[in-house]
Every structure is written in C-alpha cells, then in structure tokens.
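Visitor: The structure is given below, and queries will be raised subsequently.
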Amino acid sequence: MSAFDKELPNLDIARARLGEDDVIRNVINRFILPARWRDAGNEIYLSHMIHMVLYRFMSLSVEGLDTLQNRVGGLAEKKAKEVEEFMRANLSEKLSVSQLAELTGMSVFHFLRSFKIRFSVTPYQYLSKLRLERAKNLLLTTQRPISDIALDCGFSNQSHLTMRFKKAIDLTPGQYRGCQRLFQ
C-alpha cells in the first residue's frame, strides 16, 4: 500500500500558512485538490506537485534557499561586486581572466567555475554584455561617433561593435540610435 492509496486528510491550508503564498495556494487549489488520487498515472504527477509545493514552502521558510541552492560554490557577494565593478571601470581595457581571478584571490580554474555559477555565464560573456550595455547607453545619450563609442567600450573597432550589436539585438548601432530616438 502506497501513500496514494490512503484517503487524503482534511487540509487546513490557512493554519499551515501555506495559503499565504499565491503560488502554493494556486498549485494546491488547481492541481492537487481536484486530482483523482487513485487514477492510474496520477501518482507521479501528484508526487511532483507535492514536491513543488514543499520546495516552495521551504524556500519561503528559509530565507534565500532557492538562490543559495543555485549558487553553491559561486563567488561570494562581495567578490562578485568587486569583479563586476572592476569590469565596468575597465570596459575599454583588455581584461584577462587571470586579472579577474587575482582580484578574488582564486586560481584561474576556480575563478572560472565560481564566476559561471554566480552569473550563469562566462566572464567573457558577461564582459561582452556590459560592453554592449555601455555602448547602448552612449549611443542614446551622446552624439559621439560610433567608432569612438566602440573603442571606449572595449571593442577593437566599429566593425567589431557592429557585429556584436547585430548578433545581440539584430540591429546595427546606427539603426539602434535612430530607432530609439524615434520613440523619445
């Protein structure tokens, strides 16, 4: 006899404090309570739903459980901020992974692994994102030539910026500047 063969006890959701969270309340009310527990094939479905509710409840009960679980082994908050600030301050420079690792006091290998866990991308991808954000900002807030913006943001030339821009948002920097000004 499995747990699914037993009668469902009366659930007092409000007393269990599960009903205070909209996600938990909706999953229970829409998916768990109306389900037919004894129908073939429902055991896995209901087990999954119950685990989802329990995980949600635990993550609400233990502050930061859901983000902590995703970042175990990642860069500590303070080190992550230092690395990000260093990257932002040096967008126009050629940055190496060894420079960034040195900031944290980690080996290159450990830094790469920790960075990827923390930011979900490699340092190179993150730096590219920061450079594109800066380029977008300069395109909208200045009249500077695109070639100057490219160099100031760490791209080797205007063509390099254009290629990255086109890949990221399917527009050239000139098109982006023109389109955004239409809506201002």
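Visitor: Can you work out which of the residues in the range 155-164 that are out of contact with any Leu (no Cβ under 7 Å at 6 or more places or on another chain) and in a helix (DSSP H, G or I) is most open to solvent (accessible area, probe 1.4 Å)?
Guide: Restricting attention to the range 155-164, the residues satisfying the condition of being out of contact with any Leu (no Cβ under 7 Å at 6 or more places or on another chain) are 156-163.
Within this subset, residues satisfying the condition of being in a helix (DSSP H, G or I) are 158-163.
Numbers: 158: 80, 159: 83, 160: 48, 161: 0, 162: 39, 163: 109 Å².
Ranking the candidates gives 163 first.
Visitor: Looking at this structure, is residue 151 of a type outside the set (D, E, K, R), at pLDDT 90 or above and within 24 Å of the chain's Cα centre (by Cα)? Don't jump to the end; show me each part of the working.
Guide: On the way: of a type outside the set (D, E, K, R): yes; at pLDDT 90 or above: yes; within 24 Å of the chain's Cα centre (by Cα): no.
Against the criterion (of a type outside the set (D, E, K, R), at pLDDT 90 or above and within 24 Å of the chain's Cα centre (by Cα)), residue 151 does not qualify.
Visitor: Let me ask you something else. Is it the case, given these coordinates, that residue 91 is farther than 30 Å from residue 77 by Cα, in contact with a helix residue (DSSP H, G or I) (Cβ under 7 Å, 6 or more places away or on another chain) and hydrophobic (A, V, I, L, M, F, W, C)?
Guide: no
Visitor: So, in the range 115-154, of the ones that are more than 24 Å from residue 104 (Cα to Cα) and not in a helix (DSSP H, G or I), which residue ends up most open to solvent (accessible area, probe 1.4 Å)?
Guide: 143
Visitor: Of the residues 126, 176, which is among the hydroxyl-bearing types (Ser, Thr, Tyr), touching a residue at least 12 places away in the same chain (Cβ under 8 Å) and within 29 Å of residue 75 (Cβ to Cβ)?
Guide: Step by step, each of 126, 176 is checked, and only 126 is among the hydroxyl-bearing types (Ser, Thr, Tyr), touching a residue at least 12 places away in the same chain (Cβ under 8 Å) and within 29 Å of residue 75 (Cβ to Cβ).
The values are calculated or read from the model by the stated rules, or taken from the named source; none is laboratory data. Quantities reported herein were computed from a predicted structural model and do not represent experimental measurements. Heads up, the Cβs are rebuilt from the backbone with ideal geometry, glycines too, and the neighbour counts pull from every protein chain shown. Calculation scope for accessible area: heavy atoms of the full protein, side chains included, ligands and nucleic acids excluded. Shrake-Rupley method; radii C 1.70, N 1.55, O 1.52, S 1.80 Å.
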